[in-house]
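Asker: First, the structure itself, so that you have it in front of you.
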Amino acid sequence: MTVTDEFFTKLSASVCFGASSPSYILGCVSSTIQTMISDRGYSIVHCSDYAACLHDEEAALLRGVREEEPSEIVCHLLTEGNKLGVKQLRLMETKYDLQRTALILVTIDGQTSFCKNLTAENIHVFTYTELLVNPTQHDFVPLHSLVTADGVRELEDTYGPVRHFPKILQSDPIVRYYGWKRGDILRIDRRCCMAQRMPFYREVI
């Protein structure tokens with residue numbers, strides 16, 4: 001069994017749609033990542049075929065750029081092992097300038113507990129299962145948006161210090177999708193009675 005065959009076997013077993021072909025799974029994952037990068041404000045400047053990336057982990061699946069920092073985002077599909085380990089993490093850290101580059105790393109089972117404690121803020125680790133569908137497109141998920149610095153000042157003038165606002169975890173699927181950081185203030189537009197939308201605010205912790 002080749003490395004690719006072994007990876008396909010593990011991939012099919014790890015997702016809830018066990019009968020789905022690996023090519024279908026990877027196609028869905030690739031589509032979600034493209035949308036996620038665009039939703040983060042990046043323009044995609046490079047897009048590789050996922051089959052080529054599976055044979056070379058150092059080959060980026062997608063690369064995007066924008067004006068604000070981090071000004072570049074790169075996505076890698078990892079096939080070695082089930083979880084991201086320290087060795088792979090260090091390899092990625094030496095390859096990129098994490099001051100200006102955000103990394104999206106996709107693995108079968110996430111990362112080891114030791115690796116989680118060492119992962120830099122600009123490195124975002126997802127599993128293939130998490131990226132099978134776009135969480136923002138679910139009918140029951142309200143619209144989330146980042147409040148600007150001016151918007152935060154207006155909120156504090158109206159409601160008081162944002163440190164007293166209700167919280168939302170950085171591990172929340174929507175927060176992870178957009179790559180928001182601790183201390184960011186989010187606006188969540190929930191549908192209430194009579195089909196009206198009401199804004200709610202949360203601080204990322």
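Asker: What number of residues within the range 155-168 are within 12 Å of D184 (Cβ to Cβ) and free of Cβ contacts under 8 Å to residues at least 40 places away in the same chain?
Answerer: Initial filter on the range 155-168 (within 12 Å of D184 (Cβ to Cβ)): 162, 165, 167-168.
Going one step further and asking which of them are free of Cβ contacts under 8 Å to residues at least 40 places away in the same chain, we end up with 165, 167-168.
Of the residues in the range 155-168, 3 are within 12 Å of D184 (Cβ to Cβ) and free of Cβ contacts under 8 Å to residues at least 40 places away in the same chain.
Asker: Still on this model: Determine whether T107 is without any contact (Cβ under 8 Å) to a residue 40 or more places away in the chain, surrounded by 14 or more Cβ atoms within 10 Å (Cβ to Cβ) and not assigned by TED's automatic domain parsing to the domain that holds P173. If you could, list the steps in order and put the result at the bottom.
Answerer: Details: without any contact (Cβ under 8 Å) to a residue 40 or more places away in the chain: yes; surrounded by 14 or more Cβ atoms within 10 Å (Cβ to Cβ): yes; not assigned by TED's automatic domain parsing to the domain that holds P173: yes.
The answer is yes for T107.
Asker: Any residue at all in the range 82-97 that is modelled with pLDDT of 95 or more, within 25 Å of S38 (Cα to Cα) and charged (D, E, K, R)?
Answerer: No.
Asker: Of (1) surrounded by 16 or more Cβ atoms within 10 Å (Cβ to Cβ); (2) in contact with a strand residue (DSSP E or B) (Cβ under 7 Å, 6 or more places away or on another chain); (3) at pLDDT below 95, V74 satisfies all except one. Which?
Answerer: V74 satisfies all of (1) surrounded by 16 or more Cβ atoms within 10 Å (Cβ to Cβ); (2) in contact with a strand residue (DSSP E or B) (Cβ under 7 Å, 6 or more places away or on another chain); (3) at pLDDT below 95 except (3).
Asker: In this structure, does F165 turn out to be surrounded by 15 or more Cβ atoms within 10 Å (Cβ to Cβ) and in the same structural domain as E80 (by TED's automatic domain parsing)?
Answerer: On the way: surrounded by 15 or more Cβ atoms within 10 Å (Cβ to Cβ): yes; in the same structural domain as E80 (by TED's automatic domain parsing): no.
So F165 does not fit the description; no.
Asker: Please go through the range 26-48 and pick out each residue that is more than 14 Å from the chain's Cα centre (by Cα) and more than 21 Å from T9 (Cβ to Cβ). Break it down stepwise before answering.
Answerer: Filtering the range 26-48 for residues more than 14 Å from the chain's Cα centre (by Cα) gives 26-28, 43-48.
Within the range 26-48, S43, I44, V45, H46, C47, S48 meet the criteria.
Asker: Which condition number does I174 fail, the rest of (1) surrounded by 11 or more Cβ atoms within 10 Å (Cβ to Cβ); (2) within 23 Å of I25 (Cα to Cα); (3) more than 19 Å from the chain's Cα centre (by Cα) being met?
Answerer: The one condition I174 does not meet is (3).
Asker: Same structure again: Among the helices (runs of 4 or more DSSP H) contained in the range 98-191, which hold 2 or more residues that are among the small types (G, A, S) and modelled with pLDDT of 95 or more?
Answerer: Values: elements: 113-116, 149-159, 173-178.
The qualifying helices (runs of 4 or more DSSP H) are 149-159.
Asker: Now, a different point. Only one of these conditions is not met by Y128: (1) touching a residue at least 12 places away in the same chain (Cβ under 8 Å); (2) outside the structural domain of Q170 (by TED's automatic domain parsing); (3) out of contact with any strand residue (DSSP E or B) (no Cβ under 7 Å at 6 or more places or on another chain). Which number is it?
Answerer: For Y128, the exception is condition (3).
Asker: Applying the selection to the range 150-205, what residues are of a type in the set (D, E, K, R) and within 19 Å of Q137 (Cα to Cα)? Before you say what the answer is, go through the steps one by one.
Answerer: From the range 150-205, those of a type in the set (D, E, K, R) are 150, 153-154, 156-157, 163, 167, 172, 176, 181-182, 184, 187, 189-191, 197, 202-203; that's our starting set.
The answer is D172, R176, R187, D189, R190, R191, R197.
Asker: Please work out if S21 is of a type in the set (S, T, N, Q) and under 19 Å from the mean Cα position of the chain (by Cα).
Answerer: On the way: of a type in the set (S, T, N, Q): yes; under 19 Å from the mean Cα position of the chain (by Cα): no.
So S21 fails the test.
The values are calculated or read from the model by the stated rules, or taken from the named source; none is laboratory data. Note that the structure is a prediction, hence the values are computed from the model and not measured. Note: ideal-geometry Cβ built from the backbone for every residue, glycine included; neighbour counts use all protein chains shown.
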